[in-house]
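The values are calculated or read from the model by the stated rules, or taken from the named source; none is laboratory data. Small disclaimer: the values here were computed from a predicted structure and weren't measured. Here the Cβ is made from the backbone with ideal geometry for all residues, glycine too, and neighbour counts use every protein chain on show. Only protein heavy atoms, including side chains, enter the accessible area calculation; ligands, DNA and RNA are left aside. Shrake-Rupley method; radii C 1.70, N 1.55, O 1.52, S 1.80 Å.
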Amino acid sequence: MGDQATPPAPELAEMAISDGPSLKHPFSDRAPVRSIVCRPDGGAGLAGQRVRAGGWVKTGREQGKGSFAFLEVNDGSCPANLQVIVDAGVADLSTLVQTGTCVLVEGLLKVPPEGTKQKIELRVDKVLHVGPTDPASYPIPKTKLSLEFLRDHIHLRARTNTISAVARIRNALAFATHSFFQEHGFLYVHTPIITTSDCEGAGEMFQATTLISEAEKLEKELILNPPPTEADLEAAKLTVGEKGNIVSQLKAAKATKEEISASVADLKIAKENLSRVEERAKLKPGIPKKDGKIDYGQDFFSRQAFLTVSGQLQVETYACAVSSVYTFGPTFRAEHSHTSRHLAEFWMVEPEIAFADLQDDMNCAEAYVKYMCQWLLNKCFDDMELMAKLYDKGCIDRLRMVSSTPFERISYTEAVRLLEEAVRGGKEFEKNVEWGIDLASEHERYLTEDIFKKPVIVYNYPKGIKAFYMRLNDDSKTVAAMDILVPKVGELIGGSQREERYEVIQQRIAEMGLPLEPYEWYLDLRRNGTVKHCGFGLGFERMILFATGIDNIRDVIPFPRYPGRADL
C-alpha cells in the first residue's frame with residue numbers, strides 16, 4: 001500500500017477531468033469569476049462544464065417559498081458577479097443569502113432562461129465552504145454607501161464595487177509603469193525609505209528615531225532599578241582602593257604568584273563594578289541632550305534621520321552610473337493638510353535619465369502618461385466603465401483623448417500671460433495671477449480644461465519657487481523645470497533638468513539656506529564625472545484620481561494616512 005499514490009478526492013478528480021486549463025486558477029481549486037463571465041460570450045460557451053467557484057455574496061435572496069436561492073457572488077477578479085443558484089436541499093439558504101458571506105461552491109454551468117441579463121449561471125450541487133456573517137453587525141450592507149463612510153471601515157471596504165475596481169486599476173497602472181520603463185531600457189532601483197537628506201527643502205518630514213522609545217524604556221527601568229547614589233559610588237571607589245592596597249602589600253611582601261594573581265582578579269572585579277556604577281550614575285530620564293540640544297549622536301543612526309519625501313536624489317547616483325533608472329515606492333510628507341489632494345503617505349514614480357535635457361524629459365513624461373492611459377483602455381475597460389457609471393461619465397473619453405493627443409507645451413511666462421488675459425476678460429481666481437507665483441490648482445486646471453482642453457506642459461519656471469537641484473537657465477531668472485497639467489487634477493508630473501555644474505548648484509544650495517554637509521555626496525556627483533541629466537516625479541495616486549474621476553485621494557490608496565488617521 002505504501003508504494004501507491006493516494007487517489008484524489010472524488011470532487012477534485014471531477015474537476016481535473018472536466019475543468020479546462022483556461023478556467024482553473026493555477027494555485028487554487030476554483031475557477032476565478034473573471035474566467036467564467038468575462039469571456040466575449042459572457043460565459044455561455046461554458047455551459048455544461050463542471051466548476052468550483054468561490055467568493056463573497058454581494059446580494060442573495062430566497063425564492064420559490066424558500067425552495068432555492070439566488071446569490072450574486074464576486075471574488076474580486078472583475079467587476080461582474082457570477083449568478084449562483086442553490087437548492088434548499090443542498091445547504092441552509094438563510095446563511096448563504098446574507099451579504100458578506102463567503103462561499104465555495106461546486107456545480108454545473110448552465111445557460112439561464114431567455115430574458116435574463118446573465119449569459120451563464122452556476123447550478124450548485126455542493127457547498128464546500130461557508131464563512132457566515134452577522135447581518136446585524138456587518139457594516140457593508142448592499143445599500144449604497146459613501147466613500148467617507150467606507151474610510152471608517154478600511155479593513156472591509158475592498159469588498160465594495162468601487163474600492164475593488166480602484167484596486168484593479170491601481171494594479172494595472174503599476175504594471176503599466178514597470179512595463180513602460182522596462183520596455184525603454186530603464187533599470188528599477190530601490191531607493192531608501194529612511195534618509196538623512198531633504199530633497200524638497202521644505203522640512204515637512206517625519207522623523208525616524210528611537211530616542212523616545214529608548215527614553216521611555218530607560219525611565220521604566222530606573223523606576224524598577226534606581227540609579228546608584230553618591231554613597232554607592234563612593235563605596236565602589238573605596239572597594240577599588242582597598243583591593244588595590246592589598247595587591248600592593250602582597251607584592252611588597254613578595255607573596256606567592258597564586259596569592260598575587262587572586263588579589264589582582266579581585267581588583268579587576270572591583271574596577272568593573274565601579275565602571276558599571278559610574279555608567280549607571282550617568283543615566284538620566286528623558287531625551288539625551290548635549291549643549292542644550294537633542295543629542296542625535298545617541299540615536300539609532302547616530303544622526304537625524306527621516307522618512308523620505310522623494311527617492312530622486314538617491315536615484316540620481318545610479319543615473320550617473322548606469323544612465324537610465326527609475327524608482328517607484330512610498331514617500332512621506334508631514335503636512336497638516338486636510339485637502340482632497342493630500343496624503344501623509346503616498347507613492348511616487350521617479351525616473352532619471354543621463355545624457356538627456358529638458359526636452360527629453362518632457363518627451364519621456366508625455367509618452368509615459370499616454371502609455372498608462374492606453375493600458376487602462378486595453379486592460380481595464382470593464383473597471384473604467386464602472387467608474388464612468390458611478391463617478392465620472394467622461395473618464396473613458398478623457399483617457400482616449402490623452403492617449404491620442406499631443407500635449408501642448410508653453411513656457412511659464414506664456415502661461416501667466418494667458419491667465420492674466422483671462423482675468424482681464426472677467427475670469428476670477430482665488431489667488432492673484434502675477435509672474436513669480438507658484439501656479440495654484442485652479443490656474444493649472446483652467447489652462448488644461450478651459451484654454452487648451454488637453455494636457456499642457458508648462459516649462460521654465462521662476463527659480464525662486466523651484467528646488468535647488470533644477471538647472472539654472474541662461475537668463476538667471478528661471479530654471480529648466482516642467483510640470484504636466486491634466487484635466488481633473490491639475491499638476492500630475494513635476495520634473496526638471498538637473499543642475500550638473502558644481503559651482504552653480506553649490507551657490508543654489510546656499511541661496512536656499514540649506515546646509516551643505518547633508519548634500520556633500522550629492523555635490524560629489526558634480527565633482528566626479530558630472531553629466532547632463534534630467535528626471536521627473538509622478539504622484540501615483542494623482543494618476544488614479546485623473547483616470548477614475550474619483551474626487552478624494554484617500555479613496556484611491558488601500559490604506560490612507562492623513563492627519564489624525566493611520567488605521568491598521
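Remark: pairs (first residue in the range 171-200, in contact (Cβ under 8 Å) with a residue 60 or more places away in the chain and not assigned by the TED database to the domain that holds residue 349; second residue crowded, with 20+ Cβ neighbours inside 10 Å and assigned to a helix (DSSP H, G or I); Cβ separation under 7 Å; 6+ apart in sequence or on different chains) are absent.
Listed by first and then second residue, the pairs with beta-carbon distance under 8 Å, at least 6 apart or on different chains, first residue in the range 545-568 and surrounded by 13 or more Cβ atoms within 10 Å (Cβ to Cβ), second assigned to a strand (DSSP E or B) and β-branched (Val, Ile, Thr), are 546/486. Within the range 206-241, the only residue that satisfies the criterion of being open to solvent by 60 Å² or more (accessible area, probe 1.4 Å), closer than 16 Å to residue 288 by Cα and either touching a helix residue (DSSP H, G or I) at 6+ places or on another chain (Cβ under 9 Å) or in a loop (DSSP other than H, G, I, E, B) (or both) is 214. Residues of the range 421-440 that are open to solvent by 60 Å² or more (accessible area, probe 1.4 Å) and of a type outside the set (Val, Ile, Thr): 421, 424, 425, 427, 428, 430, 431, 432, 434, 435, 438. Residue 473 falls short on exactly one of the conditions (1) in contact with a helix residue (DSSP H, G or I) (Cβ under 7 Å, 6 or more places away or on another chain); (2) on the phi < 0 side of the Ramachandran plot, and that condition is (1).
Among the residues of this structure, residue 237 does not count as one that is free of Cβ contacts under 8 Å to residues at least 12 places away in the same chain and either among the charged types (D, E, K, R) or in contact with a strand residue (DSSP E or B) (Cβ under 9 Å, 6 or more places away or on another chain) (or both). Being within 12 Å of residue 407 (Cβ to Cβ) and not hydrophobic (A, V, I, L, M, F, W, C) is the filter here, so list the residues in the range 436-452 that pass it. Selection gives 448 alone. Can you say whether residue 363 is of a type in the set (S, T, N, Q), open to solvent by 10 Å² or more (accessible area, probe 1.4 Å) and farther than 28 Å from residue 79 by Cα, as far as the supplied structure shows? Answer is yes for this residue. In the range 335-342 there is at least one residue matching the filter, namely being free of Cβ contacts under 8 Å to residues at least 40 places away in the same chain, of a type outside the set (Asp, Glu) and either part of a loop (DSSP other than H, G, I, E, B) or touching a Gly at 6+ places or on another chain (Cβ under 7 Å) (or both). Only one entry in 450, 474 is in the same structural domain as residue 373 (by the TED database), acidic (Asp, Glu) and under 30 Å from residue 388 (Cβ atoms), namely 450. Within the range 335-355, being buried (at least 21 other Cβ atoms within 10 Å of the Cβ) and more than 18 Å from the chain's Cα centre (by Cα) holds for 352, 353.
Listed by position, the strands (runs of 3 or more DSSP E) enclosed by the range 55-125 that each have at least 1 residues that are within 17 Å of residue 140 (Cα to Cα) and modelled with pLDDT of 95 or more are 68-74, 102-110. For the range 49-90, filtering for residues that are touching a Leu at 6+ places or on another chain (Cβ under 9 Å) and in contact (Cβ under 8 Å) with a residue 40 or more places away in the chain leaves 19.
Scanning the range 315-334 for residues that are open to solvent by 60 Å² or more (accessible area, probe 1.4 Å) and either within 24 Å of residue 170 (Cβ to Cβ) or of a type outside the set (Ser, Thr, Tyr) (or both) turns up 321, 322.
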